[in-house]
Structures are given as structure tokens and as C-alpha cells.
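Colleague: What follows is a structure written as C-alpha cells; I'll ask about it next.
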Amino acid sequence: MDKLKQLESFVSVALRGSLTAAANAEGVAPAIMGRRLDALEERLGVKLLLRTTRRLTLTHEGSAFLEDCQRLLADLSNAEASVSAGGVKASGHLRITAPAGFGRRHVAPLVPKFRELHPEVTVSLNLSDRVVDIAGEGFDCAVRVGDMPDSSMVSLRLADNRRMCVATPAYLARYGAPKHPNELARFACLTLSSDASQTRGWAFKVPSEQGTEVIHLRPAGPLDCSDGQVLHDWCLAGYGIAWRSTWEVEAEISEGALVSVLDEFAAPPNGIYAVFPQRKHLPLRVRLWIDYLKHHYGTPGFWQMLQK
């Protein structure tokens, strides 16, 4: 019996909740659907559905297998569409995740526009500052900002991410400006809570015996928060010095609301990445989404334009 037909029948029965409904949709007898499910469970050696005269219930293994089957069938559909007459045509469900602050500003506005180009793709966007387990939680792609740790994931650099120390002119007029990163201990530094930070600290390039080296500091301060947007707001209110990305503060700097300090010690930029599971054949919808991000993030003036 055809393995693909078994998978299609399993998905149809699981989603419709009955053999009869799935059989009617395909135009076959319920007994045929039942034989396909029996053959699938026998081949896998595991029970996928608990069947009674009144209802069908997915087992724990069946629920997990259903998600994999849906993804596999969607990928197959995309592969066929990409080579069929009429050119490239993506479909299926795209699950993406991004950091909350960055995602609100620079991912969420692009999602509806991407769907306008690919109307047969549906999209779920998850915004979270925790490090999401992409493969384990069923995401197709993540946008991540910062250094990329070694992992089984594939990462593609989309743009540079520069960080800088900023404060209001009023704060600097009252307390002065640090001349060296080591002087930050004397200032009110607005920092991410230790349980929220995904970085090694504030990075600076300083002179060393080898020429220069990058150091990481974790300055203390009277205020910390797990939300970067709150730190940004506190900084704008004049409560201290914050270490922020250029995509967050360039507009305020150009308007004079914020001033950057310690620019001569700025560390080399890290990156903004698209991260996705290691796969031999990436689904078409994922490839098109990554290309879409890379195009927009590489467009001159993109970051300044979205801040206005």
C-alpha cells in the first residue's frame, strides 16, 4: 500500500474526526480508510488513533506524528508547486519567531506585506525575548539579533547590528559623560535583568598589548528590567545610560533626543540573522520569507525609514 496515501488518510481522518467524514471527502468507502490506518500503525509499530464506535482520539504519539505529517505534506505541495506550470507559488503555514522589541518594529510590519505577495501562505508570528527552541516548538524560522552560538541550526546573516551607549543631553549635562568604559561604574546604567539578558554584557573595543581587544562589562545600576523597550523609555526620560542597538535609537539621535557616548570604544557589530533547522530541502515559503527579509533589511534607509 502506498505510504504517502497512508499519511494523507491519517491526516484527513485526524483533522475531520471520523473515518466516514474523511472517506466522503476522498470519495472512498470508510473501510478503505480504516485499512490504510491499520497498515500505517502496523508499519510504524505504534497506535496513532484510539477508535470507538462514537469517536476518534489521537494518542500522544499520534498528535506528534500528525504535526510531522502535516509539515511533510505541505513541503511536498510546495515542492510540486515550485516546478509546476505557472512558476513559483508558495503555500502552507509559516511559523516564525523573533525578539519582542525588534519583532514589533522590524518583523511584524513586513508579515502582511509578505502575505500580499504570497496569498496562499498563512503566517503565525511569535514575539518573545526567550531563546525559542525552533525545531522543538515547530517553528520554520527565527529572526535573532546578536552573536550566534554554535548549534545544529543554520543561520544566515541579514544585516549588521551595531550597539552604542546613549543618554539624554540633560542627563549628560547634569552628571557628565564617561570617557572610558571603566568609568561606567560611576553612572546610572540601565540594564537588562540578569535572567533576561542573552548577551555577555556591554561590549567595547579597548587598547591592549596586541593592539585592541573586545571586552564585556556588566555595569550595575539602580534600575534594571527584563524588557528592552522599558529601558529605552527610561533612557529617554533621563534616568541613565543605556546600551542600545542603532535600529532602536538612530531616530532619537538624529533628532537630538539622545546622544551617543564612548563611540571611540564601539565594538565591531554583531548581526541580525535568519535561523532555521538544518534541512536538505527548505520549504519554499521559508526560502521566500528569508529572501524577503534580506531584501528589505539590505535596502538603504530601511532602518531609519521604519523609525519615523
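The values are calculated or read from the model by the stated rules, or taken from the named source; none is laboratory data. Computed from a predicted structure; not experimentally measured. Glycine gets a Cβ as well: all are built from the backbone with ideal geometry, and neighbour counts include every protein chain shown.
Colleague: Can you name every residue in segment 90-106 that is under 15 Å from ASP291 (Cβ atoms) and part of a loop (DSSP other than H, G, I, E, B)?
Modeller: Within segment 90-106, the subset under 15 Å from ASP291 (Cβ atoms) is 90, 94, 96.
ALA90 - this is the single residue of segment 90-106 that is under 15 Å from ASP291 (Cβ atoms) and part of a loop (DSSP other than H, G, I, E, B).
Colleague: List the number of the failed condition for ALA185; all other conditions in (1) in a helix (DSSP H, G or I); (2) of a type outside the set (Val, Ile, Thr); (3) surrounded by 13 or more Cβ atoms within 10 Å (Cβ to Cβ) hold.
Modeller: Failing condition for ALA185: (3).
Colleague: Go through (1) assigned to a strand (DSSP E or B); (2) under 13 Å from PRO99 (Cβ atoms) one by one and return the number of the condition ALA242 breaks.
Modeller: (2)
Colleague: Have a look at ARG287, ARG279 and point out the one that is assigned to a loop (DSSP other than H, G, I, E, B) and either in contact with a Gly (Cβ under 7 Å, 6 or more places away or on another chain) or modelled with pLDDT under 90 (or both).
Modeller: Values: ARG287 fails: assigned to a loop (DSSP other than H, G, I, E, B).
Unique residue meeting the criteria: ARG279.
Colleague: Tell me which of these ARG54 doesn't satisfy, since it passes every other one: (1) part of a strand (DSSP E or B); (2) at pLDDT below 90; (3) not polar (S, T, N, Q).
Modeller: (1)
Colleague: Give GLU116, GLU137 a once-over and let me know the one that is in a loop (DSSP other than H, G, I, E, B), within 24 Å of LEU288 (Cα to Cα) and of a type in the set (Asp, Glu).
Modeller: Numbers: GLU116 fails: in a loop (DSSP other than H, G, I, E, B).
Step by step, each of GLU116, GLU137 is checked, and only GLU137 is in a loop (DSSP other than H, G, I, E, B), within 24 Å of LEU288 (Cα to Cα) and of a type in the set (Asp, Glu).
Colleague: Determine whether GLU248 is touching a residue at least 12 places away in the same chain (Cβ under 8 Å) and charged (D, E, K, R).
Modeller: On the way: touching a residue at least 12 places away in the same chain (Cβ under 8 Å): yes; charged (D, E, K, R): yes.
Considered against the rule, which asks whether it is touching a residue at least 12 places away in the same chain (Cβ under 8 Å) and charged (D, E, K, R), GLU248 comes out as yes.
Colleague: State whether the residues of segment 113-124 include one that is in contact with a strand residue (DSSP E or B) (Cβ under 7 Å, 6 or more places away or on another chain), more than 29 Å from ALA267 (Cα to Cα) and free of Cβ contacts under 8 Å to residues at least 24 places away in the same chain.
Modeller: Yes, there is a match, as at least one residue in segment 113-124 is in contact with a strand residue (DSSP E or B) (Cβ under 7 Å, 6 or more places away or on another chain), more than 29 Å from ALA267 (Cα to Cα) and free of Cβ contacts under 8 Å to residues at least 24 places away in the same chain.
Colleague: Another question, if that's okay. So, of the residues in segment 57-85 that are under 24 Å from THR20 (Cα atoms) and polar (S, T, N, Q), which turns out to be modelled with the lowest pLDDT?
Modeller: Step by step, filter segment 57-85, then rank; the result is GLN70.
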